[in-house]
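Asks: Please read through the structure below; I'll follow up with questions.
The values are calculated or read from the model by the stated rules, or taken from the named source; none is laboratory data. Small disclaimer: the values here were computed from a predicted structure and weren't measured. So basically every Cβ, Gly included, is an ideal-geometry build from the backbone, and we count neighbours across all protein chains shown.
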Amino acid sequence: MEAAWGRLMRQRMNACALGFLVVLVILCCIGPLLSPYDQSQQDLELKATNPSPAHWLGTDPLGRDMLTRILHGGRVSLEVGLLATAVAVIIGVLYGMISGLAGGRTDAAMMRIVDILYAFPFVNFVILLMAIRGREFWLIFVAIGAVEWLTMARVVRGQVLALKNLEFVIAARACGAGFWHIVWRHLLPNVTGPVIIYASLTVPGVMLLEAALSFLGLGIQPPDASWGVLIQDGAHAMESYPWLLIYPGLFFSATLLALNLLGDGLRDAFDPKSMSQQ
Amino acid sequence: MIRFIVSRFVQGIIVIFAVITITFALSKMVPGGSVKNERFISKEAQKAQDEYYGRDKPWIVQLGLQFKHYATLNLPESEHYKGRGVDEIIASGFPVSATVGGAALLIALTIGVPLGAYAALRPNTLEDRASTLAAILGVCAPSMVLGPLIALLFGLKLRWFNASGWFDSWDWVLPAFTLGIIYSGYIARLTRGSLRETLAQEFIRTARAKGAGEASVVFLHALKLASLPVLNFLGPAAAGMLTGSFIVETVFQLPGLGQFFVSAAVNKDIPLAIGLSTFFAALIVSFNLVVDILQSVLNPRIRLHS
């Protein structure tokens, strides 16, 4: 674990990505509290203005402070990203564990179901669900999480299949360890690495899906804001006020970039095979 | 091979009927009962409509009715677009989505494969880093940011193309580039990784030992095997193009399948929503089948089992 951490930090790019994300999370959490403005507070006389000392990133057509809105929207986007990933991890780990442990026909059938599910137009389902039962915040991450667990299940199942016949598990079983003891003490700790790596690669995908839903008007509902909502507002106003699109877009792209770099870095640090290609 | 295709075909039909069932079930998840018609129409007209869509019957009969529509390929009318059959709407939207998606796929391959191969042949140089970074940037530019920016720059400012709509024979260019640039990033990364892995293998050393030139080693021997992961990605990529079509068709106001689906969902036009989900599933299934067959042709070590 420590060696992997060292390998991760040796690449300057990974350290930068991690630093950026930490700073971003802190800013998104405390920024809106420190700001003299509320994210939904309108100032109709002000309308859209360029960046100024009073409003560092300017204001939108309703006179709302952009920096406050971007930081608040960032918190919502990151929240949805993490919660939906958590849902995907829980479903994927459970499914993969059961499939790998069961083995034989059950395993074959369960993996066949996963193969078939890959051909489902899940985004259509999510769009329809959000259109029919929109305005329910918890539905967003449950719906997104229910879509993104397939690859996680495959990763965990492969790991469990490889682990369960290794000597230390057989030895534990020979010593009389129960089923749950083996799962809890021997299998789970050993699938944690791959699960963390894959989860970190899932977060940007989940955030993209949330932004897409909000962009279509089916995700987070105004006056609340997420980056998807801000980008949609910006796209409507871009002809006159292009920065309303560019600022939230930059924050979103930079976050996706950092998450992707970190995910790749984690994979390289934990997996010696992909290291050898470096 | 024949057995493989038949078994995948049967599997595809199962997928399609499962998709019909799920979409139908989702449409019944309205809080507080069935879909309420929000338009102001007379009771008689409402009743006639309910009868036409079979909404006066129990759910299980309604689902059976849906199955019958798709098994006999006799699709109902859309609820929102009065007088237009679901199949008519699909037939009008598909050419738009297919033009944009197909062009985007070609653009992604033309940019992505050379960029990735170039990086793989010069490992750990500045060029490698630069092209890898360019590839990652492509991955991180979401279509809802890139699309409006491209529309703003090339449509509204430079006026080279229409910023939105589907009138002109060049209207596919901007949306196709938006999607293509994003996917070229994925393809470049895949190409770089798999080409480097392939170049380290024994048969490449053998080819070099035989005296084959560098160009022949790379293009004849390595790229053929290295293209397998890229080919494998084309299945998900095609599905992604469909997903991307929701955003891109909204940004550029194209009358394609994605736009029709979003409007069907928002207007609770359930017959159209079921038809489009089913069509998307059929497209994904057939694309995956084509990819699998191409793969076995390119790599004789891959046998197709049913």
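Asks: Which one is farthest from residue B:269 (Cα to Cα) among residues in region A:98-121 that are crowded, with 22+ Cβ neighbours inside 10 Å and not aliphatic (A, V, I, L, M)?
Replies: A:100
Asks: Please state which of the following conditions residue B:117 fails to meet, knowing it meets all the rest: (1) without any contact (Cβ under 8 Å) to a residue 60 or more places away in the chain; (2) over 21 Å from residue B:102 (Cα atoms); (3) more than 10 Å from every other protein chain (Cβ to nearest Cβ).
Replies: The number of the failed condition is (1).
Asks: Filter region B:1-23 down to residues that are surrounded by 12 or more Cβ atoms within 10 Å (Cβ to Cβ) and away from every other protein chain (no Cβ under 11 Å) and give me whichever is farthest from residue B:294 (Cα to Cα).
Replies: B:21
Asks: With the checklist (1) within 23 Å of the chain's Cα centre (by Cα); (2) of a type in the set (D, E, K, R); (3) within 14 Å of chain A (Cβ to nearest Cβ) in hand, flag the one item residue B:197 doesn't pass.
Replies: So residue B:197 meets the others, but not (1).
Asks: Among the numbered criteria (1) within 9 Å of chain B (Cβ to nearest Cβ); (2) assigned to a helix (DSSP H, G or I); (3) not hydrophobic (A, V, I, L, M, F, W, C), which one does residue A:239 miss?
Replies: Result: residue A:239 fails condition (2) only.
Asks: Pick out, from region B:1-108, the helices (runs of 4 or more DSSP H) lying fully within it that include 3 or more residues that are modelled with pLDDT of 80 or more and over 24 Å from residue B:246 (Cα atoms).
Replies: In region B:1-108, the matching helices (runs of 4 or more DSSP H) lie at B:2-27, B:59-71.
Asks: Against the definition (assigned to a helix (DSSP H, G or I), of a type outside the set (Gly, Ala, Ser), facing chain B (nearest Cβ under 9 Å) and touching a Lys or Arg at 6+ places or on another chain (Cβ under 9 Å)), how does residue A:204 come out, yes or no?
Replies: Criteria not met by residue A:204.
Asks: Test residue A:79 against the criterion of being out of contact with any Asp or Glu (no Cβ under 7 Å at 6 or more places or on another chain), away from chain B (no Cβ under 14 Å) and either surrounded by fewer than 20 Cβ atoms within 10 Å (Cβ to Cβ) or not aliphatic (A, V, I, L, M) (or both), and give yes or no.
Replies: yes
Asks: Further, regarding this structure: From (1) within 12 Å of chain A (Cβ to nearest Cβ); (2) in contact with a strand residue (DSSP E or B) (Cβ under 8 Å, 6 or more places away or on another chain), pick out the condition that doesn't hold for residue B:239.
Replies: (2)
Asks: A further question on this structure: When you scan region B:165-284 for helices (runs of 4 or more DSSP H) that lie fully inside it, which ones turn up with 3 or more residues that are within 19 Å of residue B:102 (Cα to Cα)?
Replies: By residue number, B:173-199, B:223-251, B:257-266.
Asks: Of everything in region B:208-221, what is at pLDDT 80 or above and either small (Gly, Ala, Ser) or surrounded by 20 or more Cβ atoms within 10 Å (Cβ to Cβ) (or both)? Give them in sequence order.
Replies: B:209
Asks: Another question about this same structure. Test residue A:193 against the stated conditions and say whether it is assigned to a helix (DSSP H, G or I) and facing chain B (nearest Cβ under 9 Å).
Replies: The answer is no for residue A:193.
Asks: Being at pLDDT below 80 and surrounded by fewer than 22 Cβ atoms within 10 Å (Cβ to Cβ) is the requirement here; does residue B:193 meet it?
Replies: no
Asks: Follow-up. Would region A:247-263 turn up any residue that is more than 9 Å from chain B (Cβ to nearest Cβ), part of a loop (DSSP other than H, G, I, E, B), among the aliphatic types (A, V, I, L, M) and in contact with a Ser or Thr (Cβ under 9 Å, 6 or more places away or on another chain)?
Replies: no
Asks: Go through (1) within 14 Å of another protein chain (Cβ to nearest Cβ); (2) surrounded by fewer than 21 Cβ atoms within 10 Å (Cβ to Cβ) and name the single condition residue A:209 misses.
Replies: Every condition holds for residue A:209 apart from (2).
Asks: Can you name the residue in region B:131-161 that is free of Cβ contacts under 8 Å to residues at least 12 places away in the same chain and more than 13 Å from chain A (Cβ to nearest Cβ) and is also nearest to residue B:100 (Cα to Cα) among such residues?
Replies: B:160
Yes/no matrix, rows are residues, columns are (1) at pLDDT 85 or above; (2) surrounded by fewer than 24 Cβ atoms within 10 Å (Cβ to Cβ); (3) under 24 Å from residue B:231 (Cα atoms); (4) hydrophobic (A, V, I, L, M, F, W, C):
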{"site": "B:252", "(1), (2), (3), (4)": "yes, no, no, yes"}
{"site": "B:255", "(1), (2), (3), (4)": "yes, yes, no, no"}
{"site": "B:259", "(1), (2), (3), (4)": "yes, yes, no, no"}
{"site": "B:263", "(1), (2), (3), (4)": "yes, yes, no, no"}
{"site": "B:268", "(1), (2), (3), (4)": "no, yes, no, no"}
{"site": "B:271", "(1), (2), (3), (4)": "yes, yes, no, no"}
{"site": "B:275", "(1), (2), (3), (4)": "yes, no, no, no"}
{"site": "B:283", "(1), (2), (3), (4)": "yes, yes, yes, yes"}
{"site": "B:288", "(1), (2), (3), (4)": "no, yes, yes, no"}
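Asks: Still on this structure, I have one more. Might you let me know whether region A:148-168 holds any residue that is farther than 20 Å from residue B:11 by Cα, within 13 Å of chain B (Cβ to nearest Cβ) and in contact (Cβ under 8 Å) with a residue 60 or more places away in the chain?
Replies: Among the residues of region A:148-168, at least one is farther than 20 Å from residue B:11 by Cα, within 13 Å of chain B (Cβ to nearest Cβ) and in contact (Cβ under 8 Å) with a residue 60 or more places away in the chain, which makes the answer yes.
Asks: Among the residues of region B:109-138, which ones are modelled with pLDDT of 85 or more and of a type in the set (S, T, N, Q)?
Replies: Across region B:109-138, the qualifying residue is only B:110.
Asks: In region B:245-269, what residues are at the interface with chain A (Cβ under 9 Å from one of its Cβ atoms) and on the phi < 0 side of the Ramachandran plot?
Replies: Those that are at the interface with chain A (Cβ under 9 Å from one of its Cβ atoms) and on the phi < 0 side of the Ramachandran plot: B:246, B:247, B:250, B:251, B:261, B:262, B:264, B:265, B:266, B:267.
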